Amino acid sequence: MPTPIESLQEAAIAALKSQYNIEVSPAELPFQDTRREFEGDFTLVVFPLTKYKLGSPEQIGQKLGEGMQIQMPDIERFNVVKGFLNLRLSDAWWLAYLGSAQQDPTLFRNTAGEGHTVVVEYCSPNTNKPLHLGHLRNIVLGYSLSQILESNGYKVIQACLFNDRGTNISKSMHAWLKAGTGDTPESTGTKGDKLVGEYYVRFGKDQKQEIAALVAEGKTEEQAEQLAPSSLAIQDLTIRWENGDADVRSLWKTMNGWVYAAMEQTFRRLGAHFDRYYFESDIYLSGKETVQEGLEKGIFYQKEDGSVWVDLSPDGLDHKLLLRRDGTSVYITQDLALADEKYRDYQMGRSIHVVGNEQEYHFKVLFLIMQKLGKPFASGLFHLSYGMVELPTGKMKTREGTVVDADDLMDLMISSAREETLKLGKTEGMSETELEELYARLGIGALKYYLVKVDPKKRILFDPQESIDLHGHTAPFIQSSYTRTASILRKAEAEGLTPQVSPGLKPEDELLESERSLLRMLMHFRDVLADAAQTYNPSLVANYAYELAKEYNRFYHEAPVIRSAHPATSAFRLGLSTLCGKALRESLRLLGITVPERM
């Protein structure tokens with residue numbers, strides 16, 4: 001069955017041909033939902049049709065409305081307000097639409113991406129510290145985008161790059177060696193990533209003191225940072241690692257192992273998973289090969305000190321370092337290799353990097369280099385740039401130990417969900433296991449939704465208490481709306497009622513405006529899904545779910561579902577309620593949020 005928009009466009013095209021003998025395309029007929037203050041289901045802006053010299057906007061609207069009623073008898077009535085043609089479809093049409101939607105296995109899926117592969121790389125943590133609040137927004141965005149693309153038919157590879165080598169990793173190693181205690185996660189009872197992160201913070205404090213002492217001796221800040229014993233030590237460790245020093249490699253492998261195991265626990269709590277892990281340590285040498293390729297092609301150049309650069313000033317950028325004078329890699333070196341590696345693995349048409357907006361310049365440089373090298377995948381590279389997450393107390397800084405640990409934040413959210421749920425006192429009959437599962441669904445769901453409901457480009461000021469509000473723009477509000485539909489369905493099944501809407505089954509009275517509004521919103525699910533995939537913006541799905549939940553609650557308070565006086569009305573409302581529940585559940589699933597059946 002065609003969508004209402006498609007049906008209306010077909011009727012309008014036929015009417016214009018019949019009445020004016022002109023042919024227009026569907027794109028020239030942008031129907032939209034009628035605003036609440038006017039009567040109608042859908043509105044056509046007729047101003048663009050004045051270019052055909054058919055009369056005034058009001059005249060065109062009136063004649064077009066009459067012609068469309070002839071072409072589509074299900075247009076019950078219409079009205080023209082200035083240059084806007086408002087059309088109201090019959091109850092019978094909407095009943096047929098609901099019945100068709102109930103039978104449609106593709107109601108929540110699109111097929112535009114079939115035959116295309118997309119790699120979505122996200123999270124990409126350093127192995128010198130635990131995941132924090134900023135990582136959580138990254139993971140939620142990357143995961144939800146992957147689900148949205150899959151629901152649009154794309155084959156999606158979720159990839160994670162571990163930045164597991166380099167100076168930052170050496171900092172934790174040096175601090176651990178300097179402490180000389182031989183601490184391990186087992187001996188300290190500390191999660192592995194937290195233990196390594198504590199040494200990273202300790203390094204920052206030690207180095208700061210060393211720099212201050214050298215400045216007091218008359219050195220400049222820059223000189224002091226270069227000459228600080230800790231700075232020299234990590235430079236030595238980094239070079240020894242790249243030269244394959246057995247002792248350094250052994251310590252590196254051990255400490256990274258602690259972090260991998262710990263982060264996997266965090267991923268599982270978040271419900272995130274990856275199809276492929278990449279490791280900087282495996283590919284950085286390949287990056288050097290790409291640098292050599294660029295030198296041979298004359299795209300890169302080498303300075304007298306041995307460092308390798310690329311001149312991007314003709315393209316409005318600047319000179320970019322690709323390899324240090326001592327031959328060690330820089331951040332972009334491994335990204336050059338990773339791009340090649342992903343293409344060899346998957347021959348993807350699109351490769352999306354989910355990385356914060358502070359790296360926008362980096363990706364401009366990376367993508368431009370790939371174009372200059374003539375890489376076949378260069379045109380498919382995309383940076384999903386997102387705004388930082390900040391706290392009411394200001395920006396987080398890892399080296400100063402002011403970050404919000406991801407695990408600690410999840411614990412806080414689950415605890416808050418427990419408190420709010422117990423206040424309501426509606427958990428009678430639920431076992432302790434069921435309650436703990438409920439608290440986790442609500443707490444983690446609230447966290448994820450708060451991080452994804454905002455356009456990725458915008459900065460977020462995270463407020464844990466606001467995110468858990470059962471009556472606000474939150475996941476718990478949407479989850480509670482779903483549980484309301486589930487509760488109604490359970491009651492209906494207990495009474496032998498079915499949500500299936502059969503042909504010819506007509507409610508006793510005219511459809512309520514809230515019922516029509518819900519049907520229109522369900523009709524738009526696939527449009528929202530397509531827009532979210534095309535714009536790489538999961539917040540469109542998040543906000544759709546919120547608006548649907550609000551509209552469903554309006555309907556619920558206006559219209560008795562099971563207790564309606566007319567059986568046909570109850571059957572229709574039950575079918576509508578059940579389909580809204582499915583749409584809410586699917587919307588949240590796309591965001592990585594699960595729904596409880598009770599709360």
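Read-outs throughout are calculated quantities, based only on the coordinates presented, and are distinct from any laboratory measurement. Being a predicted model, the structure only gives us computed values, none of them experimental. Reconstructed Cβ throughout: ideal geometry from the backbone, glycine too, with neighbour counts over all protein chains shown.
Taking a ≥ b ≥ c as the square roots of the Cα gyration tensor eigenvalues, with a/c under 1.5 meaning rounded and otherwise prolate when a/b beats b/c, else oblate, which class fits segment 165-255? Oblate is the answer for segment 165-255, as a/c is 1.5 or above yet b/c matches or exceeds a/b. Between the helical axis of 91-102 and the longest alpha-carbon principal axis of the chain there is an angle of about 40 degrees. By the count of neighbouring beta-carbon atoms within 10 Å, fewest first, Cys123, Cys160 end up ordered Cys160, Cys123. Distant-in-sequence amide contacts of Leu381, defined by a placed amide H-H separation under 5 Å and a gap of 5 or more residues or a different chain, comprise Ser351.
The chymotrypsin sites (Phe, Trp or Tyr not before Pro) of segment 8-60 meeting both criteria, a DSSP state outside H, G, I, E and B (loop) and at most 16 other C-beta atoms within 10 angstrom of the site's C-beta, are Phe38. Compared with the dominant Cα axis of the chain, that is its longest principal axis, helix 331-346 is turned about 50°. Restricting the GluC sites (Glu not before Pro) of segment 148-257 to loop positions (DSSP other than H, G, I, E, B) with no more than 10 neighbouring Cβ atoms within 10 Å leaves Glu217. A simple rule links phi to the HN-Hα coupling: the Karplus curve 6.51 cos²θ - 1.76 cosθ + 1.60 with θ = phi - 60°, which for segment 466-477 gives 5, 5, 9, 4, 6, 10, x, 7, 9, 5, x, 5 Hz, with x for Gly and Pro. Helix 4-20 axis versus longest C-alpha principal axis of the chain: approximately 60°, rounded to the nearest ten.
Restricting attention to segment 408-482, which GluC sites (Glu not before Pro) occupy a DSSP loop and are surrounded by at most 15 other Cβ atoms within 10 Å? The partial results should precede the final answer.
Working: sites: Glu419, Glu420, Glu428, Glu432, Glu434, Glu436, Glu437, Glu466; in loops: Glu428.
Here the sparse-neighbourhood loop sites are Glu428.
Between segment 75-154 and segment 558-590, the alpha-carbon centres lie 21 Å apart.
Calculated [222 nm] ellipticity per residue, helices only, for the chain: -18000 deg cm²/dmol; basis is -39500 (n - 2.57) per DSSP H run with n ≥ 4, divided by all residues, nearest 500.
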